[in-house]
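In what follows, a single structure is set out as structure tokens and then discussed.
What follows draws every value from the coordinates through simple rules; no lab data is involved. None of the values given here were measured: they were computed from a predicted structure. So basically every Cβ, Gly included, is an ideal-geometry build from the backbone, and we count neighbours across all protein chains shown.
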Amino acid sequence: MSELTISGIMGVLSGIVATFCWWFGSQVLNKMILPWYRTQRYQGVLIDGEWNGYYTDMSSPDSPHSCCIHLNQEATLISGEIIETDGPDKGKRYSISGEFRNSILTLIYQESNLSRIDRGTIALYLKENGTAFEGFTVYYSDSENSMKQRSYRWTRSM
């Protein structure tokens, strides 16, 4: 092989190795180091764990429904799952993600079964010395083809 060919091959291999090192380093930084650092620096309220949720439709406030909520917290970033425990949506699971800042929890939720379009937003305010959230959810009602709202209350499971 000529010296030019060898130099070209070495250049390409060097580029591939450098790209892999950069990609690997960014993955370690974003998935391990930054989450650890955020958690170490966070000095706010910890809301991760199990919560019990109660909500009522604004159109029928006399028929409350309940759900179980599991929250994972990484500093201000929140993820988790909502499981409906009664009512017409009993057994449905929703994945949630959002942020918790200044006692306000804002979440986006969608049904875990991605072939369905159930989704919405939740905005809750932390109350009662960190043992309850109150607020509202806005969601798309496919049966009525419109946006609806519900009042929401979460209490920490003991």
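Take the Cα gyration tensor of the range 1-41, multiply each eigenvalue by 5, square-root it, and list the three semi-axes largest first, rounded to whole angstrom.
Working: eigenvalues 290, 5, 3 Å².
Result for the range 1-41: semi-axes of 38, 5, 4 Å.
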- Query: Which whole-number percent is the relative contact order of the range 28-120 (Cα, under 8 Å, 6+ apart)?
  - Reply: 17 percent
- Pick out, from Thr76, Ser2, Leu105, the residue whose Cα sits farthest towards the positive end of the charge dipole of the range 1-140, with +1 on the Cβ of Lys and Arg and -1 on the Cβ of Asp and Glu. Ser2
- In sequence order, what are the phi-derived ³J(HN,Hα) couplings for the range 21-33 according to the Karplus relation 6.51 cos²θ - 1.76 cosθ + 1.60 with θ = phi - 60°, rounded to whole Hz, with x for glycine and proline? 4, 5, 4, 4, x, 5, 5, 4, 4, 6, 9, 10, 6
- In whole angstrom, the spacing between the Cα centers of the range 139-158 and the range 1-69 equals 28 Å
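Can you pull out the GluC sites (Glu not before Pro) in the range 52-158 that DSSP calls coil and that have at most 12 other Cβ atoms within 10 Å?
Numbers: sites: Glu74, Glu81, Glu84, Glu99, Glu111, Glu128, Glu134, Glu144; in loops: Glu144.
Passing both the DSSP loop test and the Cβ count: Glu144.
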- Given 10 °C, 1.306 mPa s and a Kirkwood radius over Cα pairs, the Stokes-Einstein diffusion coefficient of the range 108-154 in µm²/s is 135 µm²/s
- Item | Residues of type lysines that Lys148 reaches as a straight line, Cα spacing below 26 Å, ignoring anything fewer than 8 places off in the same chain | Lys90, Lys92, Lys127
- Listed residues Pro64, Pro35, Pro88, most fluctuating in the chain (Gaussian network, C-alpha, under 10 Å): Pro88
- Can you give me the three principal axis dimensions of the range 49-156 from its C-alpha atoms, in Å, biggest first? 37, 31, 22
- trypsin sites (Lys or Arg not before Pro) in the range 86-158 lying in a DSSP loop, each with at most 11 other Cβ atoms within 10 Å of its Cβ, come to Arg116
